[in-house]
Amino acid sequence: MLTMILKRAAMAIPSLIGVVIVTFLLTRALPGDPAAYFAGPAATPQAIQEVRVKLGLDKPLIEQFGRYVVDLGHGNFGNSLTTGQPVLTELRTRLPASAELTLLGLLVSILIAVPLGIIAATRPNSLIDHACRLITTLGVSLPVFFTGLILVYVFYYLLGWAPAPLGRLDVFFDPPPQVTGFYLIDSLIARQPEVFMASLKQLILPALTLGIFSLAPIARMTRASMLAVLSSDFVRTARASGLSSYTVIVTYAFRNAMLPVITTLGMVFSFLLGANVLVEKVFAWPGIGSYAVEALLASDFAPVQGFVLTMAVMYVALNLIIDVLYGLIDPRVRLEA
Amino acid sequence: MTDIAATPRRDAALTALVRHARYVIAENPVTGFAFVLFVLIVLAAILGPDIVPYNPLTSDTTQALKPPSAHHWFGTDQLGRDVFSRVIVATRLDFFIAVASVALVFLMGGLAGVAAGFFGGWTDRVVGRIADTIMAFPLFVLAMGIVAALGNTVQNIVLATAIVNFPLYARIARAEANVRREAGFVEAARLSGNSDWRILAFQILPNVFPIMVVQMSLTMGYAILNAAGLSFIGLGVRPPTPEWGIMVAEGAAFMVSGEWWNAFFPGLALMVAVFCFNLLGDGLRDMVDPRRRT
Amino acid sequence: MKRREFLKSMTALTAVSAFSAPAVWSPAKAQSRQETLLIVSESGPNNLDIHGVGTNVPGYEVSWNCYDRLISHEMKTLPNGTPYYDKYKFKPELAEDMNVGDMSATFRLRKDAVFQDGTPVTADDVKWSFDRAVTVGGFPTFQMSAGSLTKPEQFVVVDDHTFRVDFMKKDRLTVPDLAVIVPCVINSKLVKSKATEQDPWGLEFTKLNTVGSGAYKVTNWTAGSQVVLERNENWKGGPLPKIRRIVWRMVPDAGNRRALLERGDADVSYDLPNKDFSELKTDGKLSIVSTPYSNGIQYIGMNVQNPPFNDVKVRHAMAYAIPYQKIMDAVLYGLAKPMFGAPADAPTEVAWPQPHKFNTDLDKAKKLLADAGASNINVPISFDLGFAGVNEPIAVLVQESLAQIGVTTTINKVPGANWRTELTKKTMPLFENVFSGWLDYPEYFFYWCYHSGKSIFNTMDYQSPAMDAFIDGARLAAATGDKETYDKEVKGFVDLAFTDMPRIPLYQPYVNVAMQKNISGYEYWFHRRLDYRAFVKG
């Protein structure tokens, strides 16, 4: 097991190096001159040049890259121009915000999509099956920001059921003392139930938006996987032995069908983490997605580089975890590996 | 002499295909519905600019933000332009974006993938590394970065979508090429003196195409959604070109003040198109590879 | 089995704790909402110190409210009842009186003023702060130089509570320049203790902490998310503000900001599209105040050194081809002052902004183009993407109108970060831009925008010795108090600007603020940001 993990990690290193290089080049290719930005609205060309030298942007690209890598090695991700803060600090505060939102969105999606997929699988080609397919596909056919805006319009503006889209917490609550950065968990640890409820309320609409967007792949995979399992021998045996439909489906078939669904979940999670960007903009969510987008539009290199590197590392780690989970759940995989 | 022998065989193949298609559609009426929708979209794309009542670019500020009426079926936007005309004319651009992205990624990813599967060794490793590197990126941000760096033109949006989907196509193509590497027809082509590249391009790639067609349909939908997301950030196509995504992004700002039609109709068109492509993908999967029916 | 039991008990625990929350926090929450002013805007500060490197405009608002200056302005009242800063009348803030001599101004500081950490404010702090402003470079130094405040030698500590500013030359703008945001007074002892060799002015420390003697202090700043300010109970620069706590939240989506205001979940916003302001005004549920930008104009600029716009006839043709009224209606919803279409016989005033006499007349435009022998003009029209809300529809309307006189344009959106670089290059043939100055004097505007020497804001690369002579003449006359010459020179440069037309003024924008009906005390300041000190809630 350990050797497998190490081998996988080693295989991922070239990708990470590739990511670092590509991001560096891409950010340098962005239009926009940080030196002009820094030098201010009234800067003469000489003043801009001075700032450029101060920021080290006049050196050849190779040297800048070398400097960047050395800094990375020391854990220095650089400073953001637009917020003025060190990138690492901002990533550390903002990552839990995005992760909490994405996980909750995934949870919402699972809670809806998996039962839908199971139902569709137990009655293939029926009206319910088609209805499930239509509903889930509809969810993924709208741009995610549009879904978010419609939800805000209907549930906040028209009905007043949802709280104001002002970010993670209402104005009058202070965030709970930081343990994980997940407000839901931290507020429980600190025994602040009102903060818990407030964070949960703010999370509902954005999580729903993300969830709607990821219904389709999960439902589809659940259905496919369940169909395959339901036609397998052991299920037929279970049915023949007279076990109730519920036991057959939930206790036997479902557990065995979960494997491909978990892989899909992993893919969906990493896709969502990148697509978070738009949802965060709509809901004023202080996550890494909105951070990266603002930085990108301001041609602010350091946050973009930091963001991409963090995401790449998380993606690699996630794949690793899924492989390990696979091995844990399905002994056959472990033995073969 | 005419090719009498060839014709019945070709006819037979065609009839078999049609019969199979009819069977699949009967089994799954949703697919049939998706096909009809697809044809409508293509018609709108081709005929759009010629059949719309108003010029999609003409502004008339005295008629700004009027709700749907007999004169303007979908109402007017903030500069007085007819929303219906813009939505229909936008079909062409969005369809182009979808088709161009898919064609590009099929060529790029398909060729790279089949080369990797066919040759193995270093080609396989290099293509694999490139695909892994791309996949490690948060994909939407990569697309944003490419468009921001190269400029927000339609070509760059298509390129960004293609690059972002490259790994998926490369992987599918590679798997298929691996399977077909030792197949009989490949041996035959090699014996006839075809170079490896000719075999790749003319024997294997076309065989991979049916499998990919499913994914391509889904990617068409993704391409349009991607363009819409980029528009929301400000990296979409240049004004005043009508395009669904940018119309939705701009129109969304008017929802709160009650001018819902600005975003609703382009949003509806976008949803219908993506919906159609997704359903089509499912249906094509049934048609092309019954083993993979989901 | 054990796992299942554990999960079940955890769910139960969560459910119970969630519902057994004491109801005590409800009335407390209501009261604290009453004492807090909630402001929402699209973006927030990137630095709390206006002397910082690359500080953005929201950062200026923090500086204004958390630091004091020697003097400030009295308020006058506009016809619509809005308090407006009086550019001619000064009032003491940190200085209890000001004595303006021929070549210097002496200030006597209040003896009871203290910084927020309790240290008394002395003239040494003032000198250190002013030295800092003229030395750090970038925007603060530039702004100081606008009033001829350039060298630390000009700032003299006479004694602990007396401070003198020596003039390098006579300049009418020196004293007003002391009332702008930049010459703020910083707690020099505290910041000096945080300075390092690489950072002698302590910019890193003041970026994150407000260390002034002002009415508010920042108690919490999450960049990109929110700023929380609390009242300084020991403020001596004026009457104690009524609002105890300000929460300023960043909400990127404009539709959401409007929704928040309409539902009463936000108190103030100045960051909405014009359409929303005009509709909210008609609705009547919120109070909307609209005031014209002092000394500010949105214009279409043309590069006058290169063809095709080096020919004044072509420029006039462009001025006749702009769809002015369409812009006013569809983009600004009437919330701007037109700078076009003055009657042909109107006399030139000694004032700025002032409308020009061009109006939309496509026939005249076509004729002028024909006269100039210009045809097949094809240029990009560029604008700052950061202000696309206004710039983009204007560009689309202008593009359409120009097409009708045979001028083809493509729309070129330039990302905000790149806009200034592009402007400095002076290669863009046709572009939209806005300029406004904190010091509301015509010669100030013209000095930055039309004078050949000051290149940055002369975005059209306009070189005219006649114009330079008018502007220099006006500035000299202002410094010596020669009203007759001054008026002549001002009329001269305004007339020349409208004859040469290197840029086409479109409109004078409005500063719009939307507030809940129970909020009062909004004041218009030259910096157009909010002054929290006068706000009253309820």
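Counting the residues of the range B:14-41 that are of a type in the set (Val, Ile, Thr) and loosely packed, with under 13 Cβ neighbours inside 10 Å gives 4. Filtering the range C:113-151 down to residues that are of a type in the set (Gly, Ala, Ser) and under 16 Å from C:Ser63 (Cβ atoms), which residue is surrounded by the fewest Cβ atoms within 10 Å (Cβ to Cβ)? Ranking the candidates gives C:Gly138 first. All told, C:Ile327 meets the bar of being closer than 29 Å to B:Ser257 by Cα and at pLDDT 90 or above.
The set of residues in the range A:265-287 being within 8 Å of chain B (Cβ to nearest Cβ), touching a residue at least 60 places away in the same chain (Cβ under 8 Å) and farther than 19 Å from C:Pro252 by Cα consists of A:Leu273 alone.
Could we say that A:Thr136 is part of a helix (DSSP H, G or I) and either surrounded by 22 or more Cβ atoms within 10 Å (Cβ to Cβ) or touching a residue at least 40 places away in the same chain (Cβ under 8 Å) (or both) here?
Judged against the criteria, A:Thr136 is a match.
Within the range A:28-54, the set of residues being under 21 Å from C:Gly137 (Cβ atoms), at the interface with chain C (Cβ under 10 Å from one of its Cβ atoms), modelled with pLDDT of 75 or more and in contact with a Pro (Cβ under 9 Å, 6 or more places away or on another chain) comprises just one member, A:Val51. Checked against the criterion of being in a helix (DSSP H, G or I) and surrounded by fewer than 24 Cβ atoms within 10 Å (Cβ to Cβ), the candidates B:Val127, B:Val99, B:Val87 yield just one match: B:Val99. In the range C:465-473, the count of residues that are surrounded by fewer than 22 Cβ atoms within 10 Å (Cβ to Cβ), part of a loop (DSSP other than H, G, I, E, B) and of a type in the set (Asp, Glu) is zero. Tallying residues that are in a helix (DSSP H, G or I) and crowded, with 22+ Cβ neighbours inside 10 Å within the range C:424-443 yields 2. Considering every residue within the range A:202-214, establish whether at least one is within 14 Å of chain B (Cβ to nearest Cβ) and either more than 22 Å from the chain's Cα centre (by Cα) or at pLDDT below 90 (or both). Scanning the range A:202-214, I find at least one residue that is within 14 Å of chain B (Cβ to nearest Cβ) and either more than 22 Å from the chain's Cα centre (by Cα) or at pLDDT below 90 (or both), so the answer is yes.
Can you name the strands (runs of 3 or more DSSP E) wholly within the range C:276-369 that have at least 1 residues being within 14 Å of chain B (Cβ to nearest Cβ)?
Once the strands (runs of 3 or more DSSP E) in the range C:276-369 are filtered for at least 1 residues that are within 14 Å of chain B (Cβ to nearest Cβ), what remains is C:286-292.
When the range A:318-330 is limited to residues that are at pLDDT 75 or above and away from every other protein chain (no Cβ under 11 Å), the one that is nearest to A:Arg8 (Cα to Cα) turns out to be A:Leu320.
If you go through the range C:164-182 and keep only what is in contact with a Leu (Cβ under 7 Å, 6 or more places away or on another chain) and part of a loop (DSSP other than H, G, I, E, B), you end up with C:Leu173, C:Leu178.
How about the range A:79-95: which of its residues are more than 9 Å from chain C (Cβ to nearest Cβ) and more than 21 Å from A:Met314 (Cα to Cα)?
Let us first name the residues in the range A:79-95 that are more than 9 Å from chain C (Cβ to nearest Cβ), namely A:79, A:86-89, A:91-92, A:95.
Once the filter is applied, which keeps residues that are more than 9 Å from chain C (Cβ to nearest Cβ) and more than 21 Å from A:Met314 (Cα to Cα), the range A:79-95 yields only A:Asn79.
Restricting A:Thr147, A:Thr137 to residues that are more than 8 Å from every other protein chain (Cβ to nearest Cβ), over 25 Å from C:Val247 (Cβ atoms), within 22 Å of the chain's Cα centre (by Cα) and not aliphatic (A, V, I, L, M) narrows the list to A:Thr147. Select from the range B:148-161 the residues that are part of a helix (DSSP H, G or I) and surrounded by fewer than 23 Cβ atoms within 10 Å (Cβ to Cβ) and list them in ascending order. Correct list: B:Ala149, B:Leu150, B:Val154, B:Gln155, B:Asn156, B:Leu159.
Answer yes or no as to whether A:Asp300 is more than 14 Å from the chain's Cα centre (by Cα), charged (D, E, K, R) and surrounded by fewer than 24 Cβ atoms within 10 Å (Cβ to Cβ).
no
Residue count for the range C:202-216 under the criterion of being surrounded by fewer than 22 Cβ atoms within 10 Å (Cβ to Cβ) and away from chain A (no Cβ under 11 Å): the result is 2.
Looking at A:Leu61, A:Leu57, A:Leu25, just one residue is among the aliphatic types (A, V, I, L, M), under 26 Å from the mean Cα position of the chain (by Cα) and either away from chain C (no Cβ under 14 Å) or surrounded by 14 or more Cβ atoms within 10 Å (Cβ to Cβ) (or both), and that residue is A:Leu25. Might you check whether a residue that is away from chain A (no Cβ under 14 Å) and more than 24 Å from the chain's Cα centre (by Cα) occurs anywhere in the range C:240-262? Scanning the range C:240-262, I find at least one residue that is away from chain A (no Cβ under 14 Å) and more than 24 Å from the chain's Cα centre (by Cα), so the answer is yes. Which members of the range A:117-130 meet the condition of being surrounded by fewer than 21 Cβ atoms within 10 Å (Cβ to Cβ) and either of a type in the set (Ser, Thr, Tyr) or more than 10 Å from chain B (Cβ to nearest Cβ) (or both)? Hits for the range A:117-130 are A:Ile119, A:Thr122, A:Arg123, A:Ser126, A:Leu127, A:Ile128. Filtering the range B:162-197 to residues that are among the basic types (Lys, Arg) and in a helix (DSSP H, G or I) leaves B:Arg171, B:Arg174, B:Arg180, B:Arg190. Test C:Val398 against the criterion of being more than 18 Å from A:Thr44 (Cβ to Cβ), outside any helix (DSSP H, G or I) and aliphatic (A, V, I, L, M), and give yes or no. When the stated conditions are applied, C:Val398 does not pass them. Candidates B:Ile172, B:Ile97, B:Ile134, B:Ile130: the one that is at pLDDT 90 or above and either of a type in the set (Asp, Glu) or on the phi < 0 side of the Ramachandran plot (or both) is B:Ile97. Consider the range C:382-398 and keep the residues that are more than 7 Å from every other protein chain (Cβ to nearest Cβ) and free of Cβ contacts under 8 Å to residues at least 40 places away in the same chain. The one that is surrounded by the fewest Cβ atoms within 10 Å (Cβ to Cβ) is C:Gly386. The residue that is nearest to the other protein chains (Cβ to nearest Cβ), counting only those in the range B:45-63 that are free of Cβ contacts under 8 Å to residues at least 24 places away in the same chain and under 28 Å from the mean Cα position of the chain (by Cα), is B:Asp50. Any residue at all in the range B:127-143 that's within 14 Å of chain A (Cβ to nearest Cβ) and in contact (Cβ under 8 Å) with a residue 60 or more places away in the chain? Yes; the residues of the range B:127-143 include at least one that is within 14 Å of chain A (Cβ to nearest Cβ) and in contact (Cβ under 8 Å) with a residue 60 or more places away in the chain.
Has the range B:244-259 got at least one residue that is among the polar types (S, T, N, Q), touching a helix residue (DSSP H, G or I) at 6+ places or on another chain (Cβ under 8 Å) and either modelled with pLDDT of 85 or more or more than 30 Å from A:Tyr157 (Cβ to Cβ) (or both)?
No, the range B:244-259 contains no residue that is among the polar types (S, T, N, Q), touching a helix residue (DSSP H, G or I) at 6+ places or on another chain (Cβ under 8 Å) and either modelled with pLDDT of 85 or more or more than 30 Å from A:Tyr157 (Cβ to Cβ) (or both).
Residues of the range B:207-225 include none that is over 30 Å from A:Pro260 (Cα atoms) and either over 15 Å from the mean Cα position of the chain (by Cα) or among the small types (Gly, Ala, Ser) (or both).
The values are calculated or read from the model by the stated rules, or taken from the named source; none is laboratory data. Keep in mind that this is a model prediction, so the values were computed, not measured. For neighbour counting, all protein chains shown are included, and Cβ atoms are generated from backbone atoms with ideal geometry for every residue, glycine included.
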